[in-house]
Every structure is written in structure tokens, then in C-alpha cells.
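Please read the structure below before turning to the comments.
The values are calculated or read from the model by the stated rules, or taken from the named source; none is laboratory data. Treat the numbers as computed from the prediction; the structure is a model and nothing was measured. Quick reminder, even Gly has a Cβ in these numbers, built from the backbone with ideal geometry, and neighbours come from all protein chains shown.
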Amino acid sequence: MLKPTAPAKVSAAGGKVQTIYVATTRMPSSANPGAFTSERSLQTHYAEYQISVPPNHKPGAIEWPTAARDPKTSFVTVSYRPLDRPAFERAVASRQNGAKPNVGVFVHGFNNNFQEALYRLAQMHADAGGRGSVILFSWPSEASIGGYVADKDGVTISRDGLVDVLTMLGRNPNLGNTIVLGHSMGGWLTAESLRQLRLMHRDDVFKRMKVVLAAPDIDVDVFRSQLEVIGPLNPPMTLLVSKDDKALAVSRFIAGEHNRLGALDVDHPQVAEAARKANVQVVDISALKTDDDFRHNRFTELAAMMPKLMERDKTASATSLQQAGAFVLNGVGTTLASPFRLAGAAMAGSR
């Protein structure tokens, strides 16, 4: 597990620089400027990072820096700027070519330290084409396999922070849509925040929000109860699942063999029927190749498919975005374009 490092005083020559905005309920590191720890903060901290992605970057991968931190061969944090809340909102909403920018929000999962989550979003943003603004919402994960219970507490105390960020984005007249991508335990945090927003009657926020949950580490029955409050979304909420996800198999064991949402079997007829009734898209992405031994991070491969999906979607019908039910993705993403374009859009910060 890599430890967070301070911004490097290096040139980003030869690399592609990604701007990543951060809202986090982690405590800032007192010894390492620009880093955040696993300690919990009761207030949300904001920042802007410039991350250099090397020219030899392989889609789906993070080229981790060595002691030398060379931007020609590895990801490098070029600059860090702390922001207060108003400055954060202004920066995220800065116009591009006169158009209202859409914003992608990535909520990371279990067992991630801050730098891992930051570089993961930079990787996905680069692979997806790097359009629009993207925000990392980082909650205080212990970044330890043995920290599962502690991480559950960490996401729980972060609900108000994520609700506040989503409300900030949803009510800003200078912004377009908010596209939220919650991964693993971050999917649980996302669903809980949506539930809270609905109880707050923030229909204005929902009108400009699109939601994707990738490998969500949520008890299936808990998700049903969350949906009872959240209600149908337009377009439907998209769930990216893999029945061979080893990380969720461990989570299921920890949870007393209760089924996890991200490991649903879409071939089961009851899953398809339940998805249609609940107005959600359940998409099996098991066919995507991955170097992840736990098969838990397959969704990151969708970012590199984003340009091709956008080109193909130019001729897709508008109603295809509204489909609910169960679907299977083949290796090149040709079964159903729209859910995967939506996931890629969250990583790119685009439509």
C-alpha cells in the first residue's frame, strides 16, 4: 500500500496534465502538504490537484511513481492548491467554450488511501478523454484489508458531506448535469446520500443527476429499502455487476452470506424482472478484461472505451438511455451503449 506523497517540484513535460478537484472528509496531513490521512474529519475539505499522466500510459493502469517521480514514466502530482468552499464551487463551475460544464463525481471504495483514489480518478479521466470537470469525493478509508468495519463507519460519517457536495452542484445555475459514479463501498455511500436527498425533498438536485454504481458493496435487501425512498431516476440508475467479483465474495462472507448487489447474476430471470420493476439498469461487465486479480475494478476499463462509445451513440435513439432491466456487455461494449457511455461520462466529466 503506497503512502500519500507531497506534490513534486517537477515539470509535466511529455505528460498529459489532469485537473482533479477534491472534496474529502479525511483529515489533512500535518507532515505532508497536499496529502490526506485516514483520520476522520467532521468538516469537508476542498482542494485542486494537477496530476501528470505519462506519455507511456497504458489505459486502465496507474503507472506508480518511484522515488525519482519522473513525469515521463509515472503519474506525478505536479501541484496542489487548498480551496475554501466558495472557491471550490467557482472552480468546478468555470465555463468551457461558453457552455455549462457537466461534472463527474467519483466516490471511491473500500481499502483505498487518498493517493490511490486520486490517481485512479486521474487515470480514468485521462482514458475517457479528459473533458469537463471531475471531483473525487474521498471518505476516510483505513486502506487496510482488515479495516472493513472501520471503513463502514468512515462512509457513514461522510453521508452529510456527500449530500452537501451534490446539493451544491445541483443548485448551481452555471453547471449542467452531475454524473455520480460510486464504486464498491462508495456505492453504499452514494445510495445512502441519494436516500437522504430524497427525504430532504431535493427534487431539483435529482433533475440534473445521473447515477452509476460500479460493483456496489450493498446488501441486496438494504438496496431494496434504499430504492423505496429514492424512487425511480431518469435516466434509470445503472448498476455495473460481475458475478465473479472476488472482493464481493469476501464481503458476502463477512456479512454472513448475505448477497451483495455488485455480484448479481443477470442471467437469473428474477433479476431482470426486479430490475424492470425497480426502474434500474443492471449490467453484467464480466466480459471486460482486467489485470485486477480480485476482478473488482473492471469498471475502470470503461473509461478507455468512452470515445468509441460516444461516436457510436451519435446514431443511437434517445429512448435507449431510458431502458431498465438486465443486460450483458460483451468484450467491446456493443450490447447496450448507453449505460457504458454514462459510466464513461462520469469519469470524463462530460455528457
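A single entry from V149, V105, V76, V155 fulfils the requirement of being out of contact with any Lys or Arg (no Cβ under 9 Å at 6 or more places or on another chain), at pLDDT below 95 and among the hydrophobic types (A, V, I, L, M, F, W, C): V149.
I'm trying to understand the selection: among the residues of region 85-110, which are out of contact with any strand residue (DSSP E or B) (no Cβ under 7 Å at 6 or more places or on another chain) and either surrounded by fewer than 21 Cβ atoms within 10 Å (Cβ to Cβ) or over 30 Å from K152 (Cβ atoms) (or both)? Listed by number, the residues that qualify are P86, A87, E89, R90, A93, S94, R95, Q96, N97, G98, A99, K100. A Cβ distance below 6 Å, combined with a sequence gap of six or more or placement on separate chains, defines the contacts here; from region 243-271, residues that are assigned to a loop (DSSP other than H, G, I, E, B) and basic (K, R) reach residues that are buried (at least 21 other Cβ atoms within 10 Å of the Cβ) and at pLDDT 90 or above in the pairs K243/A263. Those residues that are out of contact with any helix residue (DSSP H, G or I) (no Cβ under 7 Å at 6 or more places or on another chain), closer than 20 Å to V78 by Cα and modelled with pLDDT of 95 or more, I need them from region 25-51; list them, please. Of everything in region 25-51, those that are out of contact with any helix residue (DSSP H, G or I) (no Cβ under 7 Å at 6 or more places or on another chain), closer than 20 Å to V78 by Cα and modelled with pLDDT of 95 or more turn out to be P28, S29, T37, H45, A47, Q50.
Counting the residues of region 138-156 that are in contact with a Phe, Trp or Tyr (Cβ under 7 Å, 6 or more places away or on another chain) and either in contact (Cβ under 8 Å) with a residue 60 or more places away in the chain or of a type in the set (D, E, K, R) (or both) gives 5.
Scanning region 179-223 for residues that are in contact (Cβ under 8 Å) with a residue 60 or more places away in the chain and farther than 14 Å from R252 by Cα yields I179, V180, L181, G182, H183, G186, G187, L189, T190, K210, V212, A214. Checking each residue in region 79-105 for being in contact (Cβ under 8 Å) with a residue 60 or more places away in the chain, in a strand (DSSP E or B) and more than 21 Å from M27 (Cα to Cα) picks out A99, V103, G104.
Filtered by the rule that a residue be over 13 Å from A23 (Cα atoms) and over 11 Å from the mean Cα position of the chain (by Cα), region 110-121 gives F110, N111, N112, N113, Q115, E116, Y119.
Across region 184-228, which residue is surrounded by the fewest Cβ atoms within 10 Å (Cβ to Cβ) among those that are within 14 Å of the chain's Cα centre (by Cα) and of a type in the set (D, E, K, R)? My answer is K210. Applying the criterion of being of a type in the set (A, V, I, L, M) and in contact with a strand residue (DSSP E or B) (Cβ under 9 Å, 6 or more places away or on another chain) to the residues of region 63-84, the residue that is surrounded by the most Cβ atoms within 10 Å (Cβ to Cβ) is V76. No other residue among A99, A126 is of a type in the set (A, V, I, L, M), out of contact with any helix residue (DSSP H, G or I) (no Cβ under 9 Å at 6 or more places or on another chain) and at pLDDT below 95 apart from A99.
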